[in-house]
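No lab work stands behind these numbers, since they all come straight from the coordinates. Values in this document were obtained by computation on a predicted structure and should not be read as measured data. Quick reminder, even Gly has a Cβ in these numbers, built from the backbone with ideal geometry, and neighbours come from all protein chains shown.
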Amino acid sequence: MTVYILCFVLFLVGLYGLITRRNLIKIAISLSIMEFSIFLMLVLIGYIDNGLMPIVDPGLSAQVYVDPLPQAMVLTAIVIGLATTAMLMAIAIRLYRKYKTFDIREMKNLRG
Amino acid sequence: MDALIPLFVAIPLISAFLIVILGKLVKGFHRFLAPLTLLVLLILAVYEFTGLGKISITYAMGGWTSEGGVPVGIYLVLDGFSVLMLCIINLIGLIALFYSLSYITKYTAESNYFALFCLIIAGMNGVVLSGDLFNLFVFLEVSVISSYALVAFGVGKTELEASFKYQVLGGLASMLILLAIGLIYWKTKTLNIADVRNVLDAGYSKPFYLFVQVLLIAGFGLKAAIIPFHAWLPDAHSSAPSPISAMLSGVLIKAVGIYVLIRLFFNMFVFSYEIALVLTSLGAISMVVGSLLAIKQWDLKRLLAYSSISQVGYVVMAFGMGILLLLRGNNEAAAVLAIGGAIYHMINHAVFKGLLFLNAGAIEHRLNTRNLKEMGGLSKAMPVTSTTSFMASMSISGIPPFNGFFSKLIIVIAAINGRFYLLATLAVVVSIITLAYFLKFQRFAFFNKSTGKALDKIKEVPFAMSFSMIFLAVLCLALSLLALPSVRDSILSPAIDVLMQSDLYFTSTLGL
Amino acid sequence: MEGMSTIVKRVTPLLAGLIFLYGIYIILHGHLTPGGGFAGGAIIAGAFILLILAFGSSALNLKKEVAGSSNTESIALLMVVVLALMALLFGTKVFFFNYLPKGEPGELLSAGVIPLYNIFIGIEVAGAILTIFLALVIFKEESSK
């Protein structure tokens, strides 16, 4: 159970960063931290004690394998995370060129 | 007919990649291919719709069907509700794309715009068709990531800022959804929506699933911009290019927000009183607060965006009422009315909100402003825009004989029949407030005295734009036919049946 | 962007070749061992990015490179969809059906179409990551001017 609580703590660390940081890049990093805490949880869900990696070896008879489905899910989610992070970075750099700063307090066009 | 289902995702993907490769080499290639794609998709959707009737089709990707009653591969499920959504998505997509042919000429990188548009359509079609939780998540991300890019398409300060805000909140929502999917997989060891229901029927622990449902409401509520989660919507929808605003407000928030929420709560989870109460009250709150926030807006597109929040509130409230009535069990007729009214209002809102954003785009195209105070007297200069927007405004504020009147009337009748008198009163009051702020829009944009700008220089918009607006305005009138019982039976009833008999989905999908 | 010191410039080509080969290995054995299209593609993109970092972007025509890598990426993705659509013609006529002979489990040439998917996804991922990297370099060049 401890590992799940640690995942949750990591999630909260990301959320704290998302709320308190004022720098665009740091906000993106906080989002990534939250993402990876969830990936960690997904992998842990599929873990089975003493399980082998889920590749069928014709030479070996029946074994206990870990659940491969969460791993496939995490791989796909990592790809999606890559796309989201790349988009965030592109927008952040564009914003930097407009405002000459990464500080979110300087960007007030849409306040209210 | 079965073999056509994956084409809804494959065709827009192929044309998106073709546009990226050939769009720069062959001049005008994207202007030709993208509308053709949408037209083919619309014809396919209508063909499926006419052939489907009350049955539902399950398509196992890659030939991986079930193994001892447990599904192995990814399923695509086409039933009455999803085929209706497919028709709406591709219809509004086609109109918005046709409109963009003239509108988009003022931006650079046209071919990227059309490629992203095809990607958004592919993602939404996938979300609507998917019968698998994780597959649904992937398609959802495909459509929202392309919408992040499209919101920032103007690359001005406001566009970029709105897109960043949208991405951070959208990323948060995606994570909540992924967490909920992971938790569901943890307990049930399956991702297929129908199979999850099958497992849940054998017994479940209520507190755990309440937590999962709350996560899902937060996640999809953020995507659908229900009130406490609405902060990104006015910025994102008002900064995007107008055809994209029409897509986002008209279709995207419904396809990736409301549709999924409703599909999961009706066909996957067992109904629970608490969740129904939460949905109903969230819907009512966003209905009221959205309209109150819309009144004080002077930016035309922000006004329309806030009114989207309020109209989506109607839909969510009616679905919540439907669940409450089904749980109560003694008033099935009112439940049918509530669910039918919600689906009807969802279709209507896609049409008239799409039309209103296209009108706003037309005004912005000619005047280069979105501020209502700088407009005035446009009814002579832009007769088509003026007439169509008048029809759309009357429709959204519920004036007969337009479609909005009938769907709101059905929802109000359902609320009265189910003895939700407070909700019925609120629905009527919000409808009056809606009329107030749309009259404000009409007066300041079209009928006021002009404020300085030379009116004689302003001409009507080009053919592609005015044709799309006229088409949608005619549709506003035509859709009120759906209130007739005979038409309703053939179009709305399959969708209502899917939601009313919530066990039907998993028995037909799993082939039990 | 300027290149790095002579030592780096001498060592990087030696390493980049090895990394590139390792990426190809990961892609080709995707159906047998952990890894596959995404992991291998990321490694291949890493080899290119290493070279660009070491030698600097001033030697490149960035706009042309971006167009090239983005086209490669789109063509590879198109091939994946076409491969999936071809399944509608063969076998049980189902989207994404594995229509090639499966072969012996554990052999390099086995598992039907899956190695083909892996190869094209590998090219796609390599192209995509390289495109993102080059786009960010272009941003940097333009803003430092």
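In plain terms, if you count all Cα to Cα distances in the range B:21-174 and split them into 5 Å steps from zero, the share in each step is 2, 9, 14, 17, 18, 16, 12, 8, 4, 2, 1, 0 percent. Our Cα-only numbers for chain C put the radius of gyration and Dmax at 18.2, 59 Å.
Annotation: the range B:257-381 has a Kirkwood hydrodynamic radius of 16.2 angstrom, from the mean reciprocal C-alpha pair distance. Within the same chain, lysines fewer than 8 places from C:Lys102 are excluded, and of the rest, those with a Cα less than 26 Å from its Cα are C:Lys93. Quick check: pseudo-label points 7 Å beyond the Cα along Cα→Cβ at C:Val82 and C:Leu14, how many nm apart are they? Output for this residue pair reads 4.1 nm. For the residue pairs A:Lys26/B:Lys157; B:Lys54/B:Lys353; B:Lys165/B:Lys373; B:Lys54/B:Lys187; B:Lys254/B:Lys408, the alpha carbons lie more than 22 Å apart in B:Lys54/B:Lys353; B:Lys165/B:Lys373; B:Lys54/B:Lys187.
Counting only DSSP H runs of at least 4 residues, each contributing -39500 (n - 2.57), and dividing by the residue count of chain A, the helix-based mean residue ellipticity at 222 nm comes to -23000 deg cm²/dmol. For chain B, the Cβ-based charge dipole about the Cα centre amounts to some 1620 debye (Lys, Arg positive; Asp, Glu negative; other atoms uncharged).
In chain A, the inverse of the mean reciprocal separation of distinct Cα atoms equals 16.7 Å; this is its Kirkwood hydrodynamic radius. Taken over the range B:2-510, the convex hull of the Cα atoms encloses 129 Å³ per residue.
Computed on chain B, with alpha-carbon pairs under 8 angstrom and 6+ residues apart, the relative contact order is 16 percent. Between the helical axis of C:114-144 and the dominant principal axis of chain C, each derived from Cα atoms, what acute angle in degrees is found, rounded to the nearest 10? So the inclination is approximately 20 degrees. Taking only the Cα atoms of the range B:334-477, the radius of gyration and Dmax are 17.0, 56 Å. Calculated translational diffusion coefficient of the protein assembly as shown (37 °C, 0.692 mPa s; Stokes-Einstein with Kirkwood radius over alpha-carbon pairs) equals 120 µm²/s. Taking the Cβ of A:Ile48 as the center, what net charge do the other residues with Cβ under 14 Å away carry, scoring Lys and Arg +1 and Asp and Glu -1? Here the count lands on -1. Farthest towards the positive end of the charge dipole of chain C, among the residues C:Ser144, C:Val11, C:Thr33, is the Cα of C:Ser144, using unit charges on the Cβ of Lys, Arg, Asp and Glu. Candidate membrane-span-like segments in chain B, meaning DSSP H helices with Cα atoms spread over at least 30 Å of their own axis and a Kyte-Doolittle mean of 0.0 or above, are B:29-52, B:80-103, B:157-188, B:273-295, B:300-328, B:332-367, B:421-442, with no membrane implied.
Other residues whose C-beta falls under 11 angstrom from the C-beta of B:Ile253 contribute a net charge of +3, scoring Lys and Arg +1 and Asp and Glu -1.
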